[in-house]
C-alpha cells in the first residue's frame with residue numbers, strides 16, 4: 001500500500017490498467033475503499049476482486065485487480081499524511097512479507113512510505129530497507145541496490161550527511177556490500193561470475209593519499225578482501241571515470257561510497273525507471289526509486305514507470321531463481 | 001558576427017607546446033572558428049615552423065600577432081629542462097592573460113607547461129589557474145573550474161581536495177562567489193540572464209536538515225543573497241535530481257565528483273574546462289608537455305585543437321562541439 005496519502009494507490013491502479021500478457025500478476029495489499037475512491041478521482045473504470053490468497057489473485061488478475069484487504073481505520077486524504085494510518089501501512093508491509101516468507105508470493109514490491117508519518121506511531125527504522133531486514137530475522141543486514149537499464153549501483157552509505165560518510169565507511173561495510181551484491185547477482189540475476197567495480201571516496205581516488213587517505217586505509221583493503229574471496233573486483237576507481245558507456249561495460253555492479261555518487265549517474269541515465277532492490281533478504285523485494293510525491297498525490301499525474309519496472313524486475317528475479325534451482 | 005580572437009601561449013618552448021600551437025593555428029577548422037593569436041618568442045615560432053615543416057598561416061597574419069618576448073635567448077632545445085624555458089612558459093601565459101584583461105583577445109587557450117622547468121626558474125607555480133588568479137589580482141579561492149560539455153556547464157566550488165577538506169572549504173562566501181562567477185562568465189558568453197542551478201551538498205540537499213545542515217545553513221543563504229542581487233538562481237537541490245533535470249544554463253556543484261561524474265558520463269571526450277572568476281576566459285589542455293616526443297613533429301594536436309574549438313563555440317554560442325578524434 002505505502003502511505004495512503006501518497007501516490008502509491010494511483011501507481012498500483014495504473015500498473016494494473018497497463019497490464020499486458022507479459023505483465024507479472026500481482027495483488028494489492030491495500031484498502032479496497034481507498035482504491036475505489038482513487039479510481040473515481042482518476043476517472044477510470046476499475047474492476048477489483050477481493051481475494052484471500054495469491055492463487056486466487058493469479059486467476060483473477062487478467063479481469064480484475066486482485067486486492068488482499070488491509071483496511072484503513074479512517075479515510076485517507078491525498079497529500080496529507082496522518083499518523084493514524086501508520087498501523088495499516090505497517091500491517092500491509094508485514095502481510096506482504098509474510099506471504100513472501102511463506103513462499104506464496106514470488107516477491108514483494110513496496111509502494112513509498114512517508115517516514116515522518118510512521119515515527120509518531122513508534123516506527124524507529126531509518127527506512128523500508130531496515131524494517132524489512134528486521135522482519136526477515138536477526139542477523140540480516142540488507143543492502144540497497146539501485147538499477148536502471150545498463151547500470152546497477154550499491155551505495156554503501158545512503159541517507160546520511162556527507163560529513164558523516166568518512167566516519168561511517170568501514171572496510172567491513174564495503175566487503176559486506178560487495179559480497180551480498182555478488183551473491184545476489186548470481187542467485188537472482190543470472191550472472192554467473194559477477195564483476196564488481198568499487199568507487200573511491202575522494203577525487204582521483206585520493207592520488208595515493210594526496211587528497212584523502214580513505215582509499216588507502218579503508219577501500220583498498222576491502223577490494224583486496226573481496227578479491228581474496230575469489231570475486232572479480234576492481235578499484236578503488238575515481239568515481240568520475242566509472243560511468244561512461246565503455247566503463248559501464250566492464251562491470252556488473254558499481255559499489256559506491258555515498259548517495260550522490262550512486263544517484264547522479266543513475267538518474268542521469270534513466271530518470272523515470274529506476275528500481276530499488278533490497279539485497280540480502282530471504283525474499284525478493286523491489287520498489288520504485290522515488291518517494292510518496294505528496295505534492296502531486298491525487299492529481300492523477302503520477303508516473304508509474306518506476307513502479308512497473310520494479311514489478312517486472314521482481315518477476316525477472318524470481319524467474320532467474322527458478323531457473324538456477326532447475327539447473328543445479 | 002566577427003570571429004573571436006583566441007590567444008595561444010606556446011607553453012614550455014622545449015615541450016610539444018609550440019608544435020601543437022602552430023599546428024592548431026594553421027588548422028582550417030580553427031581558422032574558420034576564430035582568429036588564433038600565437039603568443040611566444042618569434043624565434044621559437046620560426047624555429048619550429050622551419051624544423052617541423054609546419055604549414056603556417058600567411059605571414060601578414062603573423063605580423064599582426066603580438067609576440068611576447070619570453071627571454072629564451074637560444075634556439076629551443078626540445079626535451080631539455082631549463083630554467084629559461086620555465087621562465088618563458090610563464091612569460092607567454094602572462095602576456096596572453098594581459099591581452100585578455102585588456103580586451104585585445106576574447107579568451108586564452110594555453111599549450112602545456114612543464115612544472116619542473118618552471119620550478120627550475122624559481123617561480124612559485126601550481127598550475128595555470130593559480131597563475132591566472134595572480135596575474136589578474138584575484139584571490140585563488142575566487143577562481144573556479146567550469147567544465148563544459150555538450151549537455152552541461154558545471155562550476156565547482158571545491159576541486160582537488162579530499163572530501164573532508166572540501167567540507168571545511170564550503171562557506172557562504174565561497175558558494176556565493178562561485179554563483180557570481182558562473183553568472184558573470186555566462187554574461188561574457190552572451191547570456192544576459194542565465195538560469196543558475198545550485199546543487200546541495202548532502203543527499204536530497206539535506207532534506208530540511210535531516211541529512212546534514214550545510215544545505216540550510218551555508219548554501220541556502222548564499223543562494224538567497226544571489227537572488228537579492230537579481231540573479232536567477234535555484235537551489236540548493238539534490239544534485240542527482242538537479243543535474244538530471246537539465247533546466248539550467250549553468251550548474252554550481254560543491255564537489256569535484258558531483259560535477260565530473262555527469263560531465264564524463266556522456267563520454268571520454270567532448271568536454272573542456274575554463275578557469276573562471278578572474279574576469280577572463282582561460283583554458284588549457286589536459287595533457288602535459290611530453291618532453292619525450294618534443295621536437296619530433298609527431299605530437300597529436302587534436303586535443304589542443306578541440307579545446308580551441310570548444311572555446312570558440314562557447315564565445316559564439318554556436319552549437320556545442322562534437323570533438324575530432326585523434327588519429
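Restricting attention to the range B:144-265, close to 30% of DSSP beta bridges with both partner residues there are antiparallel. Report the residue, chosen from B:161, B:132, B:148, that carries the largest GNM mean-square fluctuation when chain B is represented by alpha-carbon nodes joined by springs under 10 Å. The residue that fluctuates most here is B:161. Put in line by how crowded their Cβ is, counting other Cβ atoms within 10 Å and starting with the fewest, A:270, B:41 read A:270, B:41.
The mean sequence distance of close C-alpha pairs (under 8 Å, at least 6 residues apart), as a share of the length of the range B:144-265, puts its relative contact order at 37 percent.
GNM on chain B, alpha-carbon springs under 10 angstrom: the most fluctuating residue among B:43, B:113, B:160 is B:160. Tell me what the protein assembly as shown gives for mean residue ellipticity at 222 nm when only DSSP H runs of n ≥ 4 count, each as -39,500 (n - 2.57), the sum divided by the residue total, rounded to 500 deg cm²/dmol. After summing the helix terms and dividing by the residues of the protein assembly as shown, the value is -11500 deg cm²/dmol. The protection proxy used here, the mean number of other Cβ atoms lying within 10 Å of each residue, ranks peptides A:135-141, B:253-259 as follows, highest first: B:253-259, A:135-141. Counting only other chain Cβ atoms within 10 Å of each residue's Cβ, the peptide B:194-201 averages 1.
Ranked from largest, the principal axis spans of the Cα set of the range B:147-195 equal 36, 24, 14 Å. The simple spin-label model puts a point 7 Å past each Cα toward its Cβ; for residue B:140 and residue A:299 those points are separated by 4.8 nm. Each residue, residue B:26 and residue B:43, gets one label point 7 Å from its Cα in the Cβ direction; the gap between the two is 2.2 nm. Of all DSSP bridge pairs formed entirely within the protein assembly as shown, close to 35 percent run antiparallel.
Ordered by the number of other Cβ atoms lying within 10 Å of each residue's own Cβ, fewest first, A:157, B:89 fall into the sequence A:157, B:89. Dividing the Cα radius of gyration of chain A by its Kirkwood radius returns 0.99 for Rg/Rh.
Summarising the overall dimensions of the protein assembly as shown from its C-alpha atoms, the Rg and Dmax are 28.9, 93 angstrom.
Peptide B:240-249 has a mean of 4 when you count, residue by residue, the C-beta atoms of other protein chains within 10 Å of its C-beta. In chain B, the ratio of gyration radius to Kirkwood radius, Rg to Rh, stands at 1.00 when only Cα atoms are counted. Across all directions, the shadow cast by the convex hull of the range A:261-328 built on its C-alpha atoms averages 6.3 square nanometres.
Placing one equal scatterer on every Cα of the range A:194-328 and applying the Debye formula, the log10 ratio I(q)/I(0) at q = 0.20 Å⁻¹ is -1.24. Exposure proxy shown here: for A:257, B:191, A:308, the number of other Cβ atoms within 10 Å sets the order, fewest to most, as B:191, A:308, A:257. Averaged over the residues of A:211-220, the number of partner chain Cβ atoms lying within 10 Å of the residue Cβ comes to 2. Once the chain from residue A:250 to residue A:74 is taken as fully extended at 0.36 nm per residue, the excess over their C-alpha distance is 58.2 nm.
Within the range B:144-265, the proportion of C-alpha pairs whose separation exceeds 22 Å stands at 24%. Please work out, to two decimal places, the log10 of the ratio I(q)/I(0) at q = 0.16, 0.17, 0.21, 0.28 Å⁻¹ from a Debye calculation in which every Cα of the range A:211-283 carries one identical scatterer. So the normalised log intensities are -0.73, -0.82, -1.15, -1.37. Divided by 2.2 N^0.38 Å, where N counts the residues, the Cα radius of gyration of the range A:1-133 comes to 1.01. Beta bridges per DSSP, both residues in chain B: antiparallel share near 35 percent.
The listed peptides A:294-303, A:170-179, ordered by packing as a protection proxy, come out as A:170-179, A:294-303 (highest mean of other Cβ atoms within 10 Å first).
Under 19 Å from a point placed 7 Å out from the Cα of residue B:246 along the Cα-to-Cβ direction: which residues of the range B:147-176 have their backbone N that close? B:147-155, by backbone N distance to the label point.
Projecting label points 7 angstrom from Cα along Cα→Cβ for residue A:141 and residue B:287 puts them 4.6 nm apart.
Every read-out reported here was derived from the displayed coordinates using simple, explicitly stated rules and does not represent laboratory data. Because the structure is predicted, anything quoted here is derived from the model rather than measured. Every residue, glycine as well, gets a Cβ built from its backbone with ideal geometry; the counts of neighbours run over all protein chains shown.
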